[in-house]
Amino acid sequence: MQQISLRSFRYKARHNKRRFRRFLTVLEKNAPRKLSVAALAADKAVWQEVDCLSCANCCKTMSPTYSPADIKRISAHLQMTPQQFKDKWLYFDKSDGDWMNVSQPCQFLDLSTNKCNIYEVRPADCAGFPHHTKKRMLDYMHVYKQNVEYCPATYKMVERMMNWVAELKVGV
């Protein structure tokens, strides 16, 4: 596993964001056969390379959504009422109808270790991030488009998919 340089990653992600999103849009409109199989293989390979603890960019720059079950579970873990938990750390986003962190980085992220202080009871949104295998790639393309600039694993996965498609076209 390689260490993630956030500075380098952010530069690459910013530089390639439009190209990657354009590729994902083309893929969404004209998906090659066996896309799902290739996506699962790419996902598996990516996790052999990426160490989330050397990055934690998702926790530093994004907010998970908190379901009512998440709020109940986490507040109980912290020995608070759900209302106390919401009042202290969350806000309600009226446009999406979601409970989200008031601040970034996440209040539960230990910046010295990049570990989550509530890992055992973390929100389901965090537990599933970056959601590569939540649904078939084709059915969740909007998530790849969003996460490619936040998650080195998603970035590497899309990069692998670009190489796979290029090999298909060349007939390698």
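Just a few scattered comments:
- Applying a threshold of 30 Å to the alpha-carbon distances of 17/115; 12/44; 29/72; 17/135; 44/145; 60/169 flags 29/72; 60/169 as lying beyond it.
- Highest-MSF residue in the chain out of 87, 96, 125 [GNM, Cα springs under 10 Å]: 96
- Highest-MSF residue in the chain out of 42, 69, 13 [GNM, Cα springs under 10 Å]: 69
- Candidates 22, 33, 160, ranked by Gaussian network fluctuation over the chain, Cα under 10 Å, top entry: 33
- Gained length - residue 94 relative to residue 135, 0.36 nm times residue gap less alpha-carbon distance: 12.1 nm
- Measuring with a 1.4 angstrom probe and ignoring ligands and nucleic acids, residue 12 comes out at about 80 Å² accessible.
- Computed from the C-beta positions of residue 120 and residue 26 and an R0 of 30 Å, the FRET efficiency is 0.15 to the nearest 0.05.
- With Cα atoms, 0 to 90° folded angle of helix 68-77 axis to the chain main axis: 60
- Under 12 Å, Cβ to Cβ, from residue 38 - net charge with Lys/Arg +1 and Asp/Glu -1: +3
- Computed from the C-beta positions of residue 80 and residue 112, the FRET efficiency with R₀ = 25 Å rounds to 0.55.
- Whether the stretch 1-44 is rounded, prolate or oblate, judged on the alpha carbon gyration tensor where a/c under 1.5 counts as rounded: oblate
The values are calculated or read from the model by the stated rules, or taken from the named source; none is laboratory data. On a predicted model such as this, the values are computed, not experimentally measured, just so you know. Note that we place each Cβ from the backbone using ideal geometry, even for glycine, and neighbour counts take in every protein chain shown. All accessible areas refer to the heavy atoms of the entire protein, side chains included, with ligands and DNA or RNA removed. Shrake-Rupley method; radii C 1.70, N 1.55, O 1.52, S 1.80 Å.
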